[in-house]
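Structure first, then comments.
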Amino acid sequence: MFVGDSLSRNQWLSLVCLLYTSQPKANYNQTRVGDVSIFTFLDFGVQVMLDRRVYLVDVVMEKRGRILKLDSIMGGKLWKGIDMLIFNTWHWWNRRGISQPWDYIKVGGKYYKDMDRMVAFERALLTWAKWIETNIDPSKQLVFFQGVSPSHYNGTDWGQPGVKSCSGQTQPLSGSTYPAGLPPALTVQKNVLQTIQKPVTLLDVTNLSLLRKDGHPSIYGMNGKKGMDCSHWCLAGVPDTWNELLYNLVL
């Protein structure tokens, strides 16, 4: 089961396509129950699931509005007993205005209109880490955390000042180092993962994805030129490499 935002969906779709390509005659069905999408390979009794949970922690409706609860992870009841879990969150943490799906943050019993987003991100990950420690059985389950998936909207980051999107980018960066460096959120992820006693493996896709400024849909996504997309990834493409890494970590 993949758990997270639309970058988790990117990887989920990639894995489903890769599996189906290996067994093109396999019987399958696809269903959706609430926020969970399920692709079932009927001949093998295998389900590949996606739970859309962009913050991992809960967003609930209360009298004062939509509350992002950094200390609550009730959605975790869906993850219990799953053979393999691949978690992800970061993409939504800096959203503001109409695209921000909460009105208040609640943490430590107090409500805040806003707070340092990196601090909130870390607190949510610590709540998730506590859930892992309490609920995961390493003898029966594998747990991974997808590293930060980068966007490419600022050419200065890769040495092209003045470029404002990934549109027209047809080649990856050469070399193995991204000029702007790694995103700070990755350090937060790694620090939290180091606090967990249960085995959780970082699916470290960040640096290889930073080099792929050419790998996004840009104006060729679902919304065309009105929806420049330099955050998600084309399929076939970069998420297939993520899944190749996942495959090698599972073996």
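Close amide-amide hydrogen proximity is noted between SER165 and GLY155, each under 5 Å apart and 5 or more residues distant or on a separate chain (H modeled in the peptide plane; Pro and chain starts excluded).
For VAL16, VAL36, the sequence from fewest to most other C-beta atoms within 10 Å is VAL36, VAL16.
Give LYS110/LYS140; LYS77/LYS226; LYS80/LYS190 a once-over and call out the pairs whose C-alpha atoms are over 32 Å from each other. Mind dumping the intermediate values first?
Details: LYS110/LYS140 37 Å; LYS77/LYS226 38 Å; LYS80/LYS190 23 Å.
As for pairs spanning more than 32 Å Cα to Cα, those are LYS110/LYS140; LYS77/LYS226.
Can you list, by residue number, the Cys in the chain that have no neighbouring cysteine C-beta under 4.7 Å? So far as the 4.7 Å Cβ criterion goes, CYS17, CYS234 stand without a partner in the chain.
Below 8 Å between Cα atoms, with a sequence gap of 6+, how large is the relative contact order for the chain in percent?
Values: 428 pairs, mean separation 45.8, N = 251.
After rounding, I find 18 percent.
Taking label positions 7 Å along the Cα-Cβ direction at both LEU193 and LEU42, the computed distance is 3.8 nm, reported to one decimal.
With just the Cα atoms defining each centre, how far is the range 214-251 from the range 44-64? Give it in Å. With the range 214-251 and the range 44-64 each reduced to a Cα centre, they are spaced 21 Å. Electrostatic tally near LEU173: other residues with Cβ closer than 12 Å to its Cβ, Lys and Arg +1, Asp and Glu -1, net 0.
Counting charges near LEU182 (Lys, Arg +1; Asp, Glu -1) among other residues having Cβ under 14 Å from its Cβ returns a value of -1.
Every number here is computed from the coordinates shown, using simple stated rules; none is lab data. Here the structure is a predicted model, which means the values were calculated and not measured. Cβ sites come from the backbone with ideal geometry, for glycine too, and all protein chains shown count toward neighbours.
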